[in-house]
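Encoded as structure tokens, the structure appears first; notes follow it.
The values are calculated or read from the model by the stated rules, or taken from the named source; none is laboratory data. Being a predicted model, the structure only gives us computed values, none of them experimental. All Cβ positions, glycine included, derive from the backbone under ideal geometry; neighbour counts span all protein chains shown.
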Amino acid sequence: MTQEQAAVLLTMMKTDIGIKGTTAYDERFGQIILYSAEKIAQEGATLNMESAEDQQLVVMYASWTWRRRDTGEGMPRMLRYALNNRIMKEKAHG
């Protein structure tokens, strides 16, 4: 993941979780984004960070990771569905 791609994902994540006007959490969010990409790869997906679909998947995973630190919520269905679809798509196209 390039620095430019990471910056785009950071902006997307901050928008998703509703944080504006501060950079106080940027380093932490950056680590969560990298962690999320690694976890998705461990599930079996080879991410293409040029793909809007893969970028959105990483942001959804990262945003959920951030939220669950307070709530302890399990993975939302829509995230599990998107992750499973992404993995199946890759397996189908070999």
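Here are the numbers for the structure shown:
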item	result
Selected residue [touching a Leu at 6+ places or on another chain (Cβ under 9 Å) and either without any contact (Cβ under 8 Å) to a residue 24 or more places away in the chain or not hydrophobic (A, V, I, L, M, F, W, C) (or both)] from Met75, Met60	Met75
Conditions (1) in contact with a helix residue (DSSP H, G or I) (Cβ under 8 Å, 6 or more places away or on another chain); (2) surrounded by 14 or more Cβ atoms within 10 Å (Cβ to Cβ): number failed by Glu90	(1)
Region 40-49 - residue that is touching a residue at least 12 places away in the same chain (Cβ under 8 Å) and loosely packed, with under 15 Cβ neighbours inside 10 Å and, of those, farthest from Tyr81 (Cα to Cα)	Thr46
Count - residues of region 52-65 that are within 17 Å of Ala7 (Cβ to Cβ) and either surrounded by fewer than 21 Cβ atoms within 10 Å (Cβ to Cβ) or more than 10 Å from the chain's Cα centre (by Cα) (or both)	4
Cβ pairs under 7 Å, 6+ apart, first in region 1-22 and among the acidic types (Asp, Glu), second at pLDDT below 95	none
